[in-house]
Amino acid sequence: MGTVKEATLQTELVAIRRHLHQNPEVGMNLSATKEFVWNQLITYGYQPKACGKMGITCTIGQGEQVFLLRADMDALPLAEDTDLAYRSTNGAMHACGHDLHTTMLLGAAKILKEREANLTGTVKFLFQPGEEILQGAKDCLADGLLENPKVDAGAMIHVFPFRNQPKKRIFIAPAGTFMASADWFEIKVEGIGSHGSMPEVSIDPINVAAKIYDALQTLSAREISSAERFVLTIGEFVGGTPGSSNVIPNSAYMKGTLRTLKEPIRQKIKSRMVEISEAIAQAFGAKVTVDFTNGCCSNEIDESVTKTVKTGIVKKFPDNLAPDTLVLPPLMGSEDFGEISHQIPTTTILVTAADTELMLHNPKIVLDEEILEFRANVYVEAALAYLGQE
């Protein structure tokens, strides 16, 4: 696949972004995206390496200090509903800005390559798959992301829409827990089906599942202190066959997410979810399985790294700082960069990218390309600040 060359960095980045936006891929299946990014890095003079199933890493500079910059590459299984000339038509959409993230990290790689001779430390780039399904960071970590060279600290940047906020505003997360952990789960109840007129010979899985659903809601009311924030949501509840109102089915299931801010609370709730489900199922003679399918840790912000990075960014972009009240953490949304934040000290930066009431993951969201070169430089300055360079 060819690479993109244009007269100016901003023009070049717009072309890259539009290509990525028009050709989104989902989860860990990013073969075309990986090939495109890989070839672009080669064009810039890098020697990319595979990291896990679909990740890409490369480094620049030399020296003992190593700073990681990460961008996610995957899209959402969402049909785009915009009027963009370069909109996606394949049933997937970059509705979370990952196309911008990837583009801007490529821009940062090009900028740093031009300044390579002056680097006194090392910058390691990660182009990561599978953020939306909470698998990519774990996969890259398992393949030695933080080794060869050993990474000391890192940063992620995320674009965000904010109503009544100018674009190119920078928000640097404060120290502590910034985003919640996330666990996706499925609870499947196995009963015994029968004719609707003879419930006495059945074990009704819908009845059992409904009681489990109700009991799980009492965790926040009766078992976990009101001082501990968490969210347990059932987003899918399925039992029976459409059109078969006189049939008691053999099984029913529900799917949902659990979001917590503290690891001990996370583990306690997960344990209680299993215990409650099994106890209720046993009481009614049914069988139940509780599977936690995907998950990630909370996103933790290191005070020292954040202070260092913020000092450099404030110096470089004094007129682009967002109000400290723009975001009031902790956020109950999740980011699988949290897995990395539990291994090395990290910081997280948000950059405003649209003045709209629409949120990310909306099929109508349009994020502004105007920020591409700017945010590529934010990546650069975050790394240089940590490495102690102007």
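Key figures
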item	result
0 to 90° range, to nearest 10: angle between helix 98-114 axis and the chain longest Cα axis	30
Per residue accessible area in Å² of the range 89-160, where ligands, DNA and RNA are left out and the probe is 1.4 Å	30
Distance between the range 104-137 and the range 293-333 - C-alpha centres, whole angstrom	18
Helix-only CD estimate at 222 nm, as mean residue ellipticity for the chain, using -39500 (n - 2.57) per DSSP H run (n ≥ 4)	-9500 deg cm²/dmol
Peptides 74-86, 251-263 ordered by average Cβ neighbours within 10 Å, highest first	251-263, 74-86
Extension gain (nm, one decimal) between Glu275 and Thr218, 0.36 nm per residue minus Cα-Cα	19.2 nm
Percent of alpha-carbon pairs separated by more than 35 Å within the chain	32
Per residue value of the accessible surface for the range 249-355 (all protein chains in place, 1.4 Å probe), Å²	45
Shape category assigned to the range 1-154 from the gyration tensor of Cα positions, a/c cut at 1.5	oblate
Carbon + sulfur, % of accessible area of the range 127-242 - ligands and nucleic acids excluded, 1.4 Å	50
Calculated P(r) tail over 24 Å for the range 268-390, as whole % of Cα pairs	50
Principal axis dimensions, the range 135-225 - Cα atoms, whole angstrom, descending	64, 42, 29
Rounded percent of accessible protein surface that carbon and sulfur make up, the range 1-111, 1.4 Å probe	47
Within the accessible area of the range 247-329 (1.4 Å probe), percent carbon and sulfur	52
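The values are calculated or read from the model by the stated rules, or taken from the named source; none is laboratory data. If you're wondering where the values come from, they're calculated on a predicted model, not measured in any experiment. Ideal geometry is used to build each Cβ from the backbone, glycine not excepted, and the neighbour counts take in all protein chains shown. Surface accessibility is based on the protein's heavy atoms, side chains included, excluding ligands, DNA and RNA. Shrake-Rupley method; radii C 1.70, N 1.55, O 1.52, S 1.80 Å.
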